[in-house]
1. How much accessible area per residue does the protein assembly as shown have, counting only protein heavy atoms and a probe of 1.4 Å, in square angstrom?
2. Would you mind calculating the relative contact order of segment B:855-969 from Cα pairs under 8 angstrom and at least 6 residues apart, reporting the percent as a whole number?
3. Compute the length gained on full extension between B:N526 and B:N626: take 0.36 nm times their separation in residues and subtract their Cα-Cα distance, giving the result in nm to one decimal.
4. Roughly how many whole Å is it from the C-alpha centroid of segment B:119-135 to that of segment B:674-707?
5. Please name which of B:N860, B:M837, B:G102 has its Cα lying farthest along the dipole of chain B towards the positive end, using unit charges on Cβ (Lys, Arg +1; Asp, Glu -1) and the Cα centre as origin.
6. For the pair B:E576/B:S349, report the inter-label distance in nm, with labels modelled 7 Å from Cα in the Cβ direction.
7. What residues qualify as long-range amide H neighbours of B:A1021, i.e. H under 5 Å apart, gap of 5 or more or another chain, H built at 1.01 Å from N?
8. Between B:R48 and B:A248, what length in nm is gained on full extension when 0.36 nm per residue of separation is reduced by their alpha carbon distance?
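The values are calculated or read from the model by the stated rules, or taken from the named source; none is laboratory data. Since the model is a prediction, treat every value here as computed from it, not as a measurement. All Cβ positions, glycine included, derive from the backbone under ideal geometry; neighbour counts span all protein chains shown. All accessible areas refer to the heavy atoms of the entire protein, side chains included, with ligands and DNA or RNA removed. Shrake-Rupley method; radii C 1.70, N 1.55, O 1.52, S 1.80 Å.
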Amino acid sequence: MSRNSNTLSGEDNKRLHSTTATNKEGTAAWANVHQVDQETNVSIPGDYSVEKAKNWVDDGSKL
Amino acid sequence: MGKIQLTLDGNTAAAYTAYAFTDVAAIFPITPSSGMAEITDEWAAKGRKNIFNQQVNVVEMQSEAGAAGAFHGSLQGGALTTTFTASQGLLLMIPNLYKVSGELLPGVLHVSARAITTHALSIFGDHQDVMAVRQTGCALLASGSVQEVIDLAAIAHLSAIKGRLPFVHFFDGFRTSHEIQKVEALEYSDYSEMVDYKAIQDFRDRALSPNHPVTRGTAQNPDIYFQGREAGNPFYSDIIPIVEDYFAQLGKKTGRQYGLFDYYGAEDAEYIIIAMGSVTQTIEETVDYHNANGEKYGLVKVHLYRPFSSKHLQNIIPKSVKKVAVLDRTKEPGSIGEPLFLDVKGCFSDVDHAPVIVGGRYGLGSKDTNSADITAVYENLKLKKPKTNFTIGIVDDVTKTSLERVFKASTEPSDRISCKFWGLGSDGTVGSNKQAIMIIGNKTEDHVQAYFDYDSKKSGGVTISNLRFGKSPIKSTYLVGNADYVACHNQSYVNKYDILDDVKQGGIFVLNCQWSDEELEQYLPNKYKKLIAEKELKFYTINAVKIAEEIGLGNRINMVMQGAFFRLINILPQEEFIDELNKAVTYSYSKKGDKVVKMNQDAILMGVEQIHEVRVPEEWLNVIDNSHMEMSTIEEPDFIKNIMRPMQAQKGQDLPVSAFIGREDGTIPSGTTAYEKRGIAVNVPEWIEENCIQCNQCSYICPHAVIRPFLLTEEELNKAPISFETVKATGKSFEGLYYRMQISPMDCTGCGNCADICPAKEKALVMKPIETQLSHEVDNWKFANCTIGYKTNIPLGVTVKDSQFREPLMEFSGACAGCGETAYIKLITQLYGNRMMIANATGCSSIWGASAPSSAYSSNKEGKGPAWANSLFEDNAEFGYGMYLATKQMRNGLEETMKQLLSTNVDVTIKELISDWLNYKEDGEISEQVSGKLIDAIENYEITDDEVVLLLNNIKQRKDYLVKRSQWMIGGDGWAYDIGFGGLDHIMASGEDINVLVFDTEVYSNTGGQASKSTPAAAVAKFASSGKKSGKKDLGRMLMTYGNVYVAQVGIHADNAQLIKAVREAESFKGPSIIIAYAPCISHGIKEGMGKSMATIKKAVNAGYWHLYRYNPELSKQGKNPFILDSKEPTESFRDFLMGQVRYSSLARTFPDEAEHLFTKAEEYAKERYEIYSKMNSL
């Protein structure tokens, strides 16, 4: 059995080599950098941004 | 009498009026109606009084069917009752609507009319839902604008009370429900003056009461049922003058006159349209434009749709009318016409010299309908034989129903200013634009309109804000297409979207970007440069991200962009708009402290001062579009090329109907998310190989399957790119192989969980700016995933580590960064994906799993993978059970055939394989091996015996069912605990071999955070705004009482080994199994951020908030205790855990008196639960 037109592999893909971002989320509330974990550089957003991110999914995005 | 000016959306308008007349609101949330119930609940919590001087009692039920039952019961109990709903929710209420109308009860439903799920789910607006209830006996009243909503909502309540009929008051979902406009409202005292208090008293006197008991809802037989049904006829004729009278009273108070039908346009019109809903506004605008140019067009707006008064319709239409087009916003396949069209045709069926009447469809699923479409309708009427059964707004090149959009001009008044803002979910763009429109609405005489267009991603989706303002009333109920001002708040969008298509000649374009003018030359796509030059745009840039950072606001750009907007749009003098924005900032942020207020005020000033106009070089006129994608010679699959790419570029609306030939049933291919490569992340993990202990935990917990271990042979390694560093693989099974942990940076969201949980002594993963990783890791990913792949010839064990060498068949979903749901199902697809069937309840998991064109479920190199489908919300358990029944029936047929073959003279090898199949058919892995061999054996086997040939052909025809399938029903707690619980309970009682996975976020995540029965005590949620009072339902323990159901409660990263053990036990258990998985969500407001969502799960278990256990009936058969408590005695502070999440900590701020008591209660409940589990464990 092999793939057919309804089971795609992702390989024949014009964006496979792409390094151009199309939907960067740098300005999203969850991505705000209030502090940074020194060991891992994982960003911690800060209370205000956490509330903003929560507020967006609870009231803004509304799906 | 007072008139209040309000700037609000349709939902709030409906709720404003409904509140006045409502004693009880029984509801269930459903997009786009939820806002009505939520704001009602909020007002009640704040003490607002209705006209009876009481707060409304809002009750959230378990489903719309439950809400309808409570709605009915509350009315019979004598309370004026309201509900708010849409779409499937309204349909679930149908049986009760018949009851409520049959019993002549004055209930009111406010419906933000929405599409019905057919070939696909749509949350967007049309009239399919309300049309599906037109026969229930409810009156139907249509509003076409936010002003009409606030006016006609009152008519619905007043008329229901006086006329004793329930009313469905509806308006277009999203287009009206979410559109913000400046409107005039009456005060509640005005409503009180209008209401018939005697009728209310009579209603209450008729209510069920033991003081004067009656019997209602009897069974009736053929002798009297029909007569009883007809006895209600006078109420339907009487309601018409009642409605008219209230229209007149409302008109006296407001100056706005409404009728059952309203006419607009030329008094001597020849061509008219009859329609209802928001499109009537666009039609008015179009009529004005064309009549000013000599046409004679008119419009009849329908308000009272049921009862339908032929007489009133005939009277309102000018005698000059020759031809009529009726527009329906619904579809009734197989009918000779849609409902409103048939009603109008029926009206004129016995009228002499009736006009020519044609009908058409528009706007399904919020398809935009603009003045070009309406013009096409009028032009069609002018034809000798106008087309009927037409469509507008689409190109139907299959059944040729569509009318062509030929008209190109704008019908909007010239004094109008239109703006379009492209933002990112949660970046503040939408909130700021709502604020902007309020300021403009309140500080100027202008009419204002704001409408927000989103994609379906919960967080991180594209937002497009459409704003209009001007001296003339705004009737443009369609998306801005000719904007004076367009802003792009996300630099990366220029690489994907044609943002400048909608800006008018000479308009303003503002780009938030980090590029200098010189860098613009390098990085701004040529098609942008060309359009800027061709359209002679005033082009501005601003580095809002840098400004916000320097001020101390982090990445919060919204006030910077607001300052820039107000400066450029020139609607208010600078001093005034700065003052207004400062006031707004003070209002919004004062609780955060003066420093935050000042920073935001500084941001406004910086936006004003630092907006920079770019001098557009002349050379830009002649540049050639050289985008990388256009240049690539790769031939993508048809679906990707013809459907996905256009949709991704926001050009889906231009796709013709023929694009969907072969996909009429809504099927899309699996594995399409691999084609997106969105480049979301700011930082991505960099693997430090010398520190890695090869535990694979990072891969295990990764929500998006973007970090995976690969094993290479020496030969494969020799072909690797130079940057493809590896280490020797550890573990007996992997001797001689090389190991690498590979990231896909363009698929990564950058949440950081992988780095956070890495248990190595020195971290093997560190987050680095994505720009530093792209040049080599994109190619490394391609090499690893496409060339090396996933080794199936290595014996993999049952450990956490080994599981990650299997290919995940759920990848790159649209879930939020750090989502707590996805890793669970990803793991299950790694173990069973090649033979898996998934029934997925509507909710977050169905949206991130498959929002067209993106399907996160994929297939392996053999083309096998999870078969996935979503039916509805409430029926998911049954839907999955149905899949199981189908499979079982087919396999039973195979079993019969196999047994018959055993007694024939078929080859002995085949007989042996058949015996193996019969013995092992319920074992997934063995049946896979045996089935493969059996198919090979019989494929080309030749025999002359006809009976044997027939039997072998039976097997070949059903070969798809040979391998044992792994049947899963998955969904959130909204489904499992509430609306779908009845069905879940039933299938758990079936004893069949089915598996359920519950993503327990403890709240209705997808619809905006409403409380479920899984929400624990003290958690703040919609409809539990002062903290949930009741404890969390123990779903697991309820199902354990069956005794033959496998139940597990798990938490990834809290105990990875327990999770995989539970999954394997559940799947192999020959009976019903359920896994309840704790899933952190952005809605929880985790203060450490979603980069530590996995760590939160561990904390939850360590604090005794969440417990891990397995209940395995197999152990009972062995005489052992079936219950195993896997989590230990809590070691961390329960209170600290709560305070680490806004959903709890906010209670201390908003309801401090309640908070302490509820926090204590929550901890008691959790302790009690642990004690019960401990006792069960010790039995």
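1. Working: 46680 Å² over 1242 residues.
Heavy-atom accessible area per residue stands at 38 Å².
2. For segment B:855-969, the relative contact order is 33 percent.
3. Extra length available between B:N526 and B:N626 comes to 35.3 nm.
4. Taking the Cα centre of segment B:674-707 as reference, the centre of segment B:119-135 is 42 Å away.
5. B:G102
6. In this crude label model, B:E576 to B:S349 measures out at 5.9 nm.
7. So B:A1021 has HN proximity to B:G1027, B:K1028.
8. Working: separation 200, 0.36 × 200 = 72.00 nm, distance 2.82 nm.
Here the segment from B:R48 to B:A248 would lengthen by 69.2 nm.
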